[in-house]
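S.K.: What follows is a single structure, and I will ask about it in a moment.
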Amino acid sequence: MIKLVNLLHKNPDVSWEFFVDYYNNNHAPLVLRTVPEIGKYVRNFIRRDSGVDMAHAEHENRVADFDVITEFWFADQQAFDAMMERVKDKAVADLLAKDEAIFLDRTRAQVFFVEENVSA
């Protein structure tokens, strides 16, 4: 299993409600239709209203510098490679970029390969 994690920022010109709604109901379905190699697609929106305060005496309160943690899962290297080839296609890349510009600040995106370790 291959997992990519993206730390993404909302477009500052849109409301939080629009950001979440558009991502879940417009962009995510577009991505899944356009990039069928994705096996699992998870969006973890930061809950700034949660009341959780991670401040410690020796550190100042830290606020997440992103709005959503997005996870893309691929069954294997072959699926990941096929996805990479697909998104290199100019028509696909342009379609996704145009849609992302509606709700994301694409200039601040960070993408990581991660190795997940699950405790029982």
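Readers should treat all values here as calculations from the given coordinates under stated rules, not as data from a laboratory. What you see is a predicted model, and the numbers here were worked out from it, not measured in a lab.
S.K.: Compute and list, largest first, the equivalent-ellipsoid semi-axes of the range 1-41 from the alpha carbon gyration tensor, each √(5λ) rounded to a whole angstrom.
M.R.: Calculated on Cα positions only, the semi-axes equal 22, 13, 7 Å.
S.K.: When we measure straight from the Cα of LYS90, which aspartates and glutamates land under 18 angstrom away, once same-chain ones fewer than 8 places off are left out?
M.R.: Filter leaves GLU37, ASP81, ASP99, GLU100.
S.K.: Shifting gears a bit: Given just the C-alpha atoms of the range 73-120, how large is their convex hull per residue in cubic angstrom?
M.R.: Dividing the Cα hull volume of the range 73-120 by its residues yields 118 Å³.
S.K.: Also: What lysines does LYS40 reach when the alpha-carbon gap must be under 22 Å and sequence neighbours fewer than 8 apart in one chain are set aside?
M.R.: LYS3, LYS10, LYS88
S.K.: Related question: Kindly express, to the nearest 10 degrees and within the range 0 to 90, the angle between helix 90-103's C-alpha long axis and the longest C-alpha principal axis of the chain.
M.R.: 30
S.K.: Working from Cα positions, state the angle (0 to 90°, nearest 10) between the long axis of helix 77-88 and the longest principal axis of the chain.
M.R.: Orientation of helix 77-88: about 80 degrees from the principal axis.
S.K.: Taking Cα atoms of the chain, Rg/Rh with Kirkwood Rh, to two decimals?
M.R.: Numbers: Rg = 16.0 Å, Rh = 15.9 Å.
Value, to two decimals: 1.01.
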